[in-house]
Amino acid sequence: MKLVELLAQKEDVLVQKWLGLVLGEYPADAVRFLGKKADQFANPLGHNYSTGVSGMFRSLRVGEEFELGPVLEQLMKVRAVQEQIPSKSLAFLFGIKRIVRHECRKEWTAEIEQEWPEFEARVDGLALQAFDLFMASRERLFQVRLRELQSGSYLITDHMKCPSAMVREEKKRQKTES
Amino acid sequence: MADTKVGQMSEDVVKAPSMMTGAVPTKDWMDVPAVFKPGNYCYPGKEEMAAYHNKNLPGLFGESRTWLVESDDWLLPENWKEIIIQGIKERLDKFRSFKIFMDCCVRCGACADKCHFFLGTGDPKNMPVLRAELLRSVYRNEFTKAGKILGRLAGAREMTFGVLKEWFMYFYQCTECRRCSVFCPYGIDTAEITMMAREILHLVGVNTNWILEPAANSNRTGNHLGLQPHTFKENAEFLLDDIEEVTGLRLNSLTFNRKGAEILFVIPSADVFADPGIFTFMGYLLLFDHIGLDYTISTYSSEGGNFGLFTNNELMKKLNGKMYAEAKRLGVKWILGGECGHMWRVLHQYMDTMNGPADFLEVPKSPITGTVFENAASTKMVHISEFTADLIKHNKLKLDPSRNNHRKVTFHDSCNPARGMGMLDEPREVIKAVCNNFYEMPENTIREQTFCCGSGTGLNTGEIMDLRMKGGLPRANAVKHVRDKFGVNTLSCVCAIDRATLLALMQYWNPDVEVCGVSELVGNALIMEGEKERETGLRFEPLEGSEG
Ligand code: SF4
Ligand code: SF4
């Protein structure tokens, strides 16, 4: 059997394990809920994770045929606000390599072993794409914050000042203190 | 779900405690400490802010000092525990609902997965039932026999600094939105438990600046930003120029502090200075001019919002009272209120027992349609959407809804007007009359079941942006759905906090969706006498058919 066929055959369990890996970061009480296949509006976080993970798996399996962009972007937006450092947020992506090897160990053949480096390279490519989207989301978050700062309140109140003025004053204060 | 095989395989980093809460799977919630990191807490109140409030309402705001949330010494008064226990006791005696809410939860769990903060963060302490337990556990320890004897077995625990930290974390991850209460068979309102907890935290000076400062400004100059009367007036008049540019008309019906006007109009102050609230304000002015309303705006009661609601009931009462004091001074007949959030919550739920009934005013009657607003018979205050819907129903407005054809609109029920005062249909009636393209979000995300914007109750501050994006995910997710399905590009609402917070939320999650007030849509559609042909909407965006 070829690797692609094996991946297709085992899609459900592999996706579940991969999803379990990322949901496993949440406290046990929450995992029970997040893993439930509830209506997407009643469980938006679980829904975003499961759509994201199954989308990533689909794209690893079928390549360009699946349009991953929007799905991955949404997943990375979720990951980018979990208050984790980037490496921690993205580590689970690489987990799929070990999940596949482990879950498919009985079916593993020399032929599959030969195909394996290409699969690994795909995962790495996916991770790099995800990293870009993750950083773009962080960037966007800061833009949102900046825009909010600029949009009014700080600028026109009688006793508050614009952020750059506050920074200037802070510097002056530090100088006089030292 | 996370089986051990996957667990073994997973990277070590994946299994480390979440930075958000320090939560490690498998531990009992009482054993998971709250850990503060930059980004997961609001900045504490500035010393001078606490001092200011203390001067006005002695004893309610603790000792003023400069303190750091991440420090292990919050510079609390020596007897802080007694103050807290005493604070709980007094409130149990004073507020019957608090006592009931402490006693009657059966831990059925119906509320557990209904909070947007739990749905967005996956943190179990954001389940409303657990949030309440944070306080209830201390209540049991101090005020129930079982708790005193059995301690932890009965779900009781002592008040410690660790508990205090937990309160500060999780009672500031509740926006008092009341969604959970809709699902509780006993009607337990966790929002009110949060209110009590915050009151008690304030007693020992544990507070946030984003709440103390706007509340101080409101008390001193009349609005959150501390805009003085002349600045407030100038800002508002500046918007008359914009109206003139769009419609060719110079409105002259706007007045300030005019004695003898029939109606006092109170708005959230953000409507006169912040994008996109200013367009809502332009909508109000066009509407009033269109129907020839005899109204005035007070530069002293220039804020509908009531940040007192997030501190304690005394300050809430004081800020609410200001509107009535101005109504009396100006001698108006009744009050009309703009698209504000917690102004309405306070008015609907608490005003009557705090400052009411406002017998010196008349029961509001629309001078245009003659409709008497019996629902406001005691508070004497009518919501702009009720007022507008009534005008529309009586065919008193000349409207061209096609001027909003460039917008595909959905409506966000803001928690306060929706769950706090039960206003669900009026804004929809207005929108449907002034727009041709209106699409509802899914049923379990609107009306009584609406999802909070994720940043209410003084959480709309920049330092917790990550948290806000998580808390707002359930709302954003539903907006995304109608955007993908119907091409919705406009999220309308009737709350000023929402106009600001949904803007940030959309810019992150759904950047092509704009946020607007309902009255902005009204202003776009109103056919004013003598106006020029409109080429743009109130925010100078080209109308459909006039692009290019
Ligand atoms: S009031 Fe709202 S934010 Fe607070 S616990 Fe209930 S659902 Fe959550
Ligand atoms: S739904 Fe009501 S009774 Fe049930 S756990 Fe929640 S607060 Fe308690």
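The values are calculated or read from the model by the stated rules, or taken from the named source; none is laboratory data. Everything numeric here is computed off the predicted structure, so don't read it as measured data. Positions of Cβ are backbone-derived with ideal geometry, glycine not excepted, and every protein chain shown enters the neighbour counts. Calculation scope for accessible area: heavy atoms of the full protein, side chains included, ligands and nucleic acids excluded. Shrake-Rupley method; radii C 1.70, N 1.55, O 1.52, S 1.80 Å.
Return the residue satisfying two criteria in turn: it lies in segment B:139-175 and is open to solvent by 10 Å² or more (accessible area, probe 1.4 Å) and of a type in the set (A, V, I, L, M, F, W, C), and of such residues it is farthest from ligand 2 (Cβ to nearest atom). Looking at the filtered set, the residue picked out is B:161. For segment A:81-95, the condition holds for at least one residue, the condition being that it is under 12 Å from the mean Cα position of the chain (by Cα), of a type in the set (D, E, K, R), within 10 Å of chain B (Cβ to nearest Cβ) and farther than 30 Å from residue B:179 by Cα. May I ask you to list the residues in segment B:113-131 that are more than 9 Å from chain A (Cβ to nearest Cβ), near ligand 2 (Cβ under 9 Å from one of its atoms) and open to solvent by 10 Å² or more (accessible area, probe 1.4 Å)? Across segment B:113-131, the qualifying residue is only B:129.
For segment B:70-85, check the following and say yes or no: at least one residue is part of a helix (DSSP H, G or I) and among the polar types (S, T, N, Q). The answer is no; no qualifying residue exists. Evaluation of residue B:136 against the conditions (1) open to solvent by less than 10 Å² (accessible area, probe 1.4 Å); (2) within 14 Å of ligand 1 (Cβ to nearest atom); (3) within 16 Å of the chain's Cα centre (by Cα) shows that the sole unmet condition is (3). Taking residue A:67 as the residue in question, decide whether it is open to solvent by 60 Å² or more (accessible area, probe 1.4 Å) and at pLDDT below 95. Yes; evaluated as a whole, the condition is true for this residue.
Output yes when any residue across segment B:180-196 is within 14 Å of chain A (Cβ to nearest Cβ), near ligand 1 (Cβ under 8 Å from one of its atoms), open to solvent by 10 Å² or more (accessible area, probe 1.4 Å) and touching a helix residue (DSSP H, G or I) at 6+ places or on another chain (Cβ under 9 Å), and no when none is. Yes, because at least one residue in segment B:180-196 is within 14 Å of chain A (Cβ to nearest Cβ), near ligand 1 (Cβ under 8 Å from one of its atoms), open to solvent by 10 Å² or more (accessible area, probe 1.4 Å) and touching a helix residue (DSSP H, G or I) at 6+ places or on another chain (Cβ under 9 Å). Of the residues examined, residue B:448 is one that is more than 9 Å from every other protein chain (Cβ to nearest Cβ), surrounded by fewer than 24 Cβ atoms within 10 Å (Cβ to Cβ) and within 16 Å of ligand 2 (Cβ to nearest atom).
Every listed requirement among (1) away from every other protein chain (no Cβ under 11 Å); (2) open to solvent by less than 10 Å² (accessible area, probe 1.4 Å) is met by residue B:437 save one, (2). Taking the criterion of being open to solvent by 40 Å² or more (accessible area, probe 1.4 Å) and farther than 21 Å from residue B:140 by Cα, the only residue of segment B:77-112 that qualifies is B:78.
The conditions of being modelled with pLDDT under 95 and assigned by TED's automatic domain parsing to the domain that holds residue B:311 are not met by residue B:448. With respect to the conditions (1) open to solvent by less than 20 Å² (accessible area, probe 1.4 Å); (2) closer than 29 Å to residue B:541 by Cα, residue B:366 lacks only one, and its number is (2).
Scanning segment B:103-120 for residues that are of a type outside the set (A, V, I, L, M) and away from ligand 1 (no atom under 13 Å from the Cβ) gives B:103, B:104, B:107, B:108, B:109.
Each row is one residue, and each column tells you yes or no for (1) among the polar types (S, T, N, Q); (2) in a loop (DSSP other than H, G, I, E, B); (3) under 17 Å from the mean Cα position of the chain (by Cα).
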position	(1), (2), (3)
B:275	no, yes, no
B:282	no, no, no
B:289	no, no, no
B:299	yes, yes, no
B:309	no, no, yes
B:316	no, no, yes
B:322	no, no, no
B:332	no, yes, no
B:335	no, no, no
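Only one of the numbered conditions (1) at the interface with chain B (Cβ under 9 Å from one of its Cβ atoms); (2) over 26 Å from residue A:5 (Cβ atoms) is not met by residue A:73, and that is (1).
Being within 12 Å of chain A (Cβ to nearest Cβ), at pLDDT below 95 and open to solvent by 40 Å² or more (accessible area, probe 1.4 Å), is that true of even one residue in segment B:53-71?
no
Among the residues of segment A:11-32, those that are out of contact with any helix residue (DSSP H, G or I) (no Cβ under 7 Å at 6 or more places or on another chain) and either outside any helix (DSSP H, G or I) or modelled with pLDDT under 95 (or both) comprise A:28, A:32. Only a single criterion out of (1) touching a residue at least 60 places away in the same chain (Cβ under 8 Å); (2) under 17 Å from residue B:521 (Cα atoms) is not satisfied by residue B:387, namely (1).
Screening B:304, B:308, B:260 for residues that are of a type in the set (Gly, Ala, Ser) and closer than 27 Å to residue B:539 by Cβ leaves exactly one candidate, B:304. Filtered by the rule that a residue be open to solvent by less than 10 Å² (accessible area, probe 1.4 Å) and either in contact (Cβ under 8 Å) with a residue 40 or more places away in the chain or not in a helix (DSSP H, G or I) (or both), segment A:78-94 gives A:79, A:80, A:81, A:89, A:92.
Taking each residue of segment A:113-128 that is open to solvent by 80 Å² or more (accessible area, probe 1.4 Å) and in a helix (DSSP H, G or I) and looking for partners that are modelled with pLDDT of 95 or more and not polar (S, T, N, Q) with beta-carbon atoms closer than 6 Å, six or more apart or interchain, yields A:122/A:60. The set of residues from segment B:269-279 being open to solvent by less than 10 Å² (accessible area, probe 1.4 Å) and farther than 12 Å from residue B:298 by Cα comprises B:271, B:272, B:276, B:277.
Among residues of segment B:204-227 that are without any contact (Cβ under 8 Å) to a residue 12 or more places away in the chain, those with a beta-carbon under 7 Å from a residue that is open to solvent by 10 Å² or more (accessible area, probe 1.4 Å) and among the acidic types (Asp, Glu) at least six positions away or on a different chain give the pairs B:226/A:158.
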